[in-house]
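The values are calculated or read from the model by the stated rules, or taken from the named source; none is laboratory data. Keep in mind that this is a model prediction, so the values were computed, not measured. Cβ atoms come from the backbone with ideal geometry, glycine included; neighbour counts cover every protein chain shown. These accessible areas exclude ligands, DNA and RNA; they are computed on the full protein's heavy atoms, side chains included. Shrake-Rupley method; radii C 1.70, N 1.55, O 1.52, S 1.80 Å.
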Amino acid sequence: MPEGGRSGDRRLGGGRGPEDLSPGDARRGDARPEDRRGPGDLRPASGRGPGDPTAESALAPYLRGQAADFLRSLRLHRERSAPSEPGDHGARAAADALRRSARRISGSLHTFRNALDPLWADHLRTELAWLSGTLGREHAYAARLARLLEALHQLSGAALPAARGSRPTGKAPAAGSAASAATGTPDAQSRAALGVGTARAGALLERQLTLARTRAHSAALQALGSSRFHAVADAVALLASEVPLAPGTTGRGAEALLEPAERAGQRLLGAVAALPPDATTEPYNEAQDTLWHQARLLLRLHRYAHEVVAGAADPVLTGAGHALDLHRDAAEAAAAAAAAARTPRIAPATAYALGVLHADQRHEVEAARAVFRETWPYATAMTAHRTGAP
């Protein structure tokens, strides 16, 4: 995945590079005024110059590069997934690379739709979203199972079966965090029930999520052999050599890219401004998850737009994006624990362990929200967006 095809100075926050503005500076408001403008302002403070990105100089090469990455990843995926077995790490890496390229093409088609043939962009964007979602489900189930089993292990200290064909996705929550957060310090009877229930809860989760993963793997293989997928691959192959720009795009110059990219940044600011300000009230309100998932999606679209316009990834938002990814993972893991707890005729100890696990993952959701608030670098711009100040 090429991260820097162009070497221009059009970085977020004016002419300064990201190394000149730390997230702490932005949070404190200590940065210069032109650096506190927020992710919606991609123009340099001094105005546009002759090197401004245009659809021909930036968008078309970016899409062609992502299309080439897509085709290379597809070839590698076909080579590595020949055994058609879940859990092949080489096939998973190829599928992840395929999805990354598909997401970047799809996101760019969405943001810069008016600079492209709109009917073509809408159709290909829809097909790439279908493909990315289909390929991503198997990995999502595997990662979710590994996360939940590791969390159960941390909560109980008991050995649990490892997720078949998967690897842990990161550091698990601290032991006992959910028990203390949701139920207070457990007494000896509660600890005994938790010890008995964790093994059964782990076995239940492994049965359910492994079955879902196997079905997702079969669905992915079926999709990759379908005529619909071959049509998508053909369209991406054509994109690698020719990008259908909209009539009149050449005459508009840099505005054809800068305006939609800035709108993407402003939508991100609006979504962040709509988030709950802190966790002092209703800390386990799952109804708020949708707002956070929407912010994550808009942050991704802004990142892709920044890659097109600035020619490189935006490192300023790395921490905030990682926090939103962790938020999504914890929220989906909590939902999986809750769904398992609704399984008919499970033992009370199993239901208790799943309840503690659910509370633990909701605790991790709140922790991810706190990390996002700490790492979000545009607090000044977000306040201005809330109040409508210029």
Quiz item: Of all residues in segment 245-254, which are assigned to a helix (DSSP H, G or I) and either of a type in the set (F, W, Y) or open to solvent by 40 Å² or more (accessible area, probe 1.4 Å) (or both)?
Solution: T250, G251, R252
Exercise. Out of the residues in segment 213-244 that are within 18 Å of P118 (Cα to Cα) and in contact with a Phe, Trp or Tyr (Cβ under 6 Å, 6 or more places away or on another chain), state the one that is most open to solvent (accessible area, probe 1.4 Å).
Key: P244
Quiz prompt | Every residue from segment 70-84 that is crowded, with 21+ Cβ neighbours inside 10 Å and either modelled with pLDDT of 95 or more or of a type in the set (S, T, Y) (or both) | solution = F70, S73
Self-check item: Boolean, D52 is open to solvent by 10 Å² or more (accessible area, probe 1.4 Å) and at pLDDT 80 or above
Solution: no
Quiz item: What are the residue pairs meeting all of these: first residue in segment 138-161, first residue among the hydroxyl-bearing types (S, T, Y), second residue open to solvent by less than 40 Å² (accessible area, probe 1.4 Å) and at pLDDT 95 or above, Cβ atoms under 7 Å, and 6 or more apart or on different chains?
Solution: Y141/L209; Y141/A212; Y141/R213; Y141/A216
Quiz item: In the set G87, G47, G136, G40, which member is touching a Ser or Thr at 6+ places or on another chain (Cβ under 9 Å), modelled with pLDDT under 95 and either closer than 27 Å to A320 by Cβ or in a loop (DSSP other than H, G, I, E, B) (or both)?
Solution: G87
Quiz item: Yes or no: E307 over 23 Å from D325 (Cβ atoms) and either open to solvent by less than 20 Å² (accessible area, probe 1.4 Å) or touching a Leu at 6+ places or on another chain (Cβ under 9 Å) (or both)?
Solution: no
Quiz item: Can T290 be described as under 30 Å from H358 (Cα atoms), of a type outside the set (G, A, S) and open to solvent by less than 40 Å² (accessible area, probe 1.4 Å)?
Solution: no
Quiz item: Quick check: is even one residue across segment 277-285 under 30 Å from A359 (Cβ atoms), surrounded by 21 or more Cβ atoms within 10 Å (Cβ to Cβ) and in contact with a Pro (Cβ under 9 Å, 6 or more places away or on another chain)?
Solution: no
Self-check item: Criterion: modelled with pLDDT of 95 or more and either open to solvent by less than 30 Å² (accessible area, probe 1.4 Å) or more than 17 Å from V371 (Cβ to Cβ) (or both) - qualifying residue of R300, R345, R296, R328
Solution: R300
Quiz item: Within segment 181-212, can you find the residues that are at pLDDT below 60, open to solvent by 60 Å² or more (accessible area, probe 1.4 Å) and in contact with a helix residue (DSSP H, G or I) (Cβ under 9 Å, 6 or more places away or on another chain)?
Solution: T183, T185
